[in-house]
Amino acid sequence: MSRPVIGIVGNSNILNERYPVHAAGQINCAAIAEVAEGLPLIIPADPAMVRLGDLLEACDGFLLTGGRPNVHPEEYGEPETEAHGAFDRARDAVALGLVRACVERGQPFFGICRGFQEVNVAMGGSLYPEIRDLPGRDNHRMPPDGTLEEQFALRHMVSFTDGGVFHRLLGAREVMTNTLHGQGIKEPGARIVIDGHAPDGTPEAIYVRDAPGFALSVQWHPEWNAANDPVSRPLFQAFVEAARAWAAGMRGLRKSA
């Protein structure tokens, strides 16, 4: 059986300070291809280049990755402030509609960091512009210095709902994760279930209630060391397996049509 195609929503970047590119992290692609045996396909996050219907037909599942720009606060009805940081309105235009369509169709998706926040906003939720400024909250941002290994090191515990989706999938009530984000969930969107929290109460794991397909997201970065991490590997494998089942079902529908 051919590998399921996983569309990885890319980010807009400037290469060598002058050449615009659409890109996705190598470790995201490796987690899909090497850990879960999917076929990674980088999607330009620009509605002028891609149409939603074409994406849904071309891919079996979608990985919504992290990215430095944040979801624009207008997407959840709040004014822009300096604390909200940089934005990528083109990615907003692609990703938010994609999440809603996948929920409706039952097509699998997995959100990571910014992708986690996109899922919440797509379902009607809102975000805090800066978690570390909230009373009683920790600094969840990536350490500014050090090697990649040090920046992606495991830094805090995430506790899951007893018997919940993540507890059942990972076989553990608590896991250690890295943390590299500034923003976080303020109000959960409709049907968003917060299934895991950091020790300071920050939401770290969510799913969409009653979604007919795989619809999980995490605030940390499981793509780092995914081949060896006992938390990351089952997340990617379950996601791609759901996409494989989706692909098989779609092939069956086309044959019977």
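Note on the range 1-25: residues that are farther than 19 Å from residue 59 by Cβ and not aromatic (Phe, Trp, Tyr) amount to 9. Of everything in the range 120-131 that is in a helix (DSSP H, G or I) and touching a strand residue (DSSP E or B) at 6+ places or on another chain (Cβ under 6 Å), the residue that is surrounded by the most Cβ atoms within 10 Å (Cβ to Cβ) is 120. Scanning the range 194-214 for residues that are among the aromatic types (Phe, Trp, Tyr) and outside any loop (DSSP other than H, G, I, E, B) gives a single hit, 207.
Please verify whether the range 132-152 includes one or more residues that are over 21 Å from residue 76 (Cβ atoms), of a type in the set (Gly, Ala, Ser) and touching a strand residue (DSSP E or B) at 6+ places or on another chain (Cβ under 6 Å). Within the range 132-152, none of the residues are over 21 Å from residue 76 (Cβ atoms), of a type in the set (Gly, Ala, Ser) and touching a strand residue (DSSP E or B) at 6+ places or on another chain (Cβ under 6 Å).
In the range 204-224, is there at least one residue being over 22 Å from residue 6 (Cβ atoms), under 16 Å from the mean Cα position of the chain (by Cα) and buried (at least 19 other Cβ atoms within 10 Å of the Cβ)? So far as the range 204-224 goes, yes, one or more of its residues are over 22 Å from residue 6 (Cβ atoms), under 16 Å from the mean Cα position of the chain (by Cα) and buried (at least 19 other Cβ atoms within 10 Å of the Cβ).
Residues in the range 89-137 that are of a type in the set (Phe, Trp, Tyr) and in contact (Cβ under 8 Å) with a residue 60 or more places away in the chain: 109, 110, 116. On the stretch given as the range 50-69, residues that are under 21 Å from residue 124 (Cα atoms) and at pLDDT below 95 total 3.
Restricting attention to the range 141-169, and to residues there that are in contact (Cβ under 8 Å) with a residue 60 or more places away in the chain and within 29 Å of residue 210 (Cβ to Cβ), which single residue is surrounded by the most Cβ atoms within 10 Å (Cβ to Cβ)? So, considering only residues that are in contact (Cβ under 8 Å) with a residue 60 or more places away in the chain and within 29 Å of residue 210 (Cβ to Cβ), the one surrounded by the most Cβ atoms within 10 Å (Cβ to Cβ) is 158. Could you run through the range 6-16 and say how many residues are in a strand (DSSP E or B) and either within 21 Å of residue 232 (Cβ to Cβ) or in contact with a helix residue (DSSP H, G or I) (Cβ under 7 Å, 6 or more places away or on another chain) (or both)? Selection size over the range 6-16: 6.
With respect to the conditions (1) over 30 Å from residue 77 (Cα atoms); (2) modelled with pLDDT of 95 or more; (3) hydroxyl-bearing (Ser, Thr, Tyr), residue 179 lacks only one, and its number is (1).
Being surrounded by fewer than 17 Cβ atoms within 10 Å (Cβ to Cβ) and in contact with a Leu (Cβ under 9 Å, 6 or more places away or on another chain) is a property that does not hold for residue 9. Checked against the criterion of being closer than 20 Å to residue 213 by Cβ and small (Gly, Ala, Ser), the candidates 77, 53, 66 yield just one match: 53. Of the residues in the range 170-193, none is in contact (Cβ under 8 Å) with a residue 24 or more places away in the chain, of a type in the set (D, E, K, R), buried (at least 16 other Cβ atoms within 10 Å of the Cβ) and in a strand (DSSP E or B).
Reported count of residues in the range 142-169, each being in a helix (DSSP H, G or I) and closer than 18 Å to residue 221 by Cβ, is 6.
Residues considered: 94, 50. Of these, the only one that is β-branched (Val, Ile, Thr), surrounded by 14 or more Cβ atoms within 10 Å (Cβ to Cβ) and over 21 Å from residue 250 (Cβ atoms) is 94.
The values are calculated or read from the model by the stated rules, or taken from the named source; none is laboratory data. Predicted, not measured: the structure shown is a model, and the values here were computed from it. Cβ atoms come from the backbone with ideal geometry, glycine included; neighbour counts cover every protein chain shown.
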